[in-house]
Amino acid sequence: QVQLVESGGGLVQAGGSLRLSCVASGSIFSINDMGWYRQAPGKQRELVAQITSGGSTNYAGSVKGRFTISRDNSKNMVYLQMNSLKPEDTAVYYCNMWVNVWNYWGQGTQVTVSS
């Protein structure tokens, strides 16, 4: 079994920064794509950023230039550096990974940006 655990969420003022982390543990042979998604109240879950095993990245238009995704394969971790945060970034952020051949989600971490 594989578990993903996120950390780093919290309350921040508009214009501030947060760094989210997610670590995978369990029976891991390989990790392919990693990503971050978010879900605001009353809205569908949406992709924020993805990173492939080769390091290629993809961002939602709303966060491009403000957020940076990175990974540390030696630690089975993925990060999301969030700068210039806006109130509309408020959501529960979920880590997602393709581990071995299965897709896993973390439990989510709350990010709240006050105006």
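Taking the simple approach of a point 7 Å from Cα along Cα-to-Cβ for both D72 and N100, what is their distance in nm?
2.5
With the Cα gyration tensor of the range 9-71 in hand, convert its eigenvalues to equivalent ellipsoid semi-axes via √(5λ) and list them largest first in whole Å.
Its equivalent ellipsoid spans semi-axes of 23, 14, 13 Å.
Over all alpha-carbon pairs in the range 66-115, figure out the percentage whose distance exceeds 15 Å.
For the range 66-115, the fraction of Cα-Cα distances above 15 Å is 57 percent.
Enumerate the aspartates and glutamates that K43 could reach by cross-link, defined here as Cα to Cα under 17 Å, with residues fewer than 8 away along the same chain left out.
Excluding near neighbours in sequence, the set is E88, D89.
At N58 and A14, where each label point lies 7 Å from the Cα along Cα→Cβ, what is the point-to-point distance in nanometres?
3.1
Please list log₁₀ I(q)/I(0) at q = 0.16, 0.17, 0.20 Å⁻¹ for the chain, using the Debye equation with identical point scatterers on the alpha-carbon positions.
-0.67, -0.75, -1.02
Taking a virtual spin label 7 Å from the Cα of K86 along the C-beta vector, which residues in the range 33-60 bring their backbone nitrogen under 14 Å of it?
Under cut-off, by backbone N: 60.
Share of the chain's accessible area from carbon and sulfur, percent, 1.4 Å?
The computed percentage sits at 48.
The values are calculated or read from the model by the stated rules, or taken from the named source; none is laboratory data. In this text the structure is predicted, and so the values were computed from the model without any measurement. All Cβ positions, even for glycine, are placed from backbone atoms using ideal geometry, and neighbour counts span all protein chains on display. Surface areas here come from the heavy atoms of the whole protein model, side chains and all, with no ligands, DNA or RNA. Shrake-Rupley method; radii C 1.70, N 1.55, O 1.52, S 1.80 Å.
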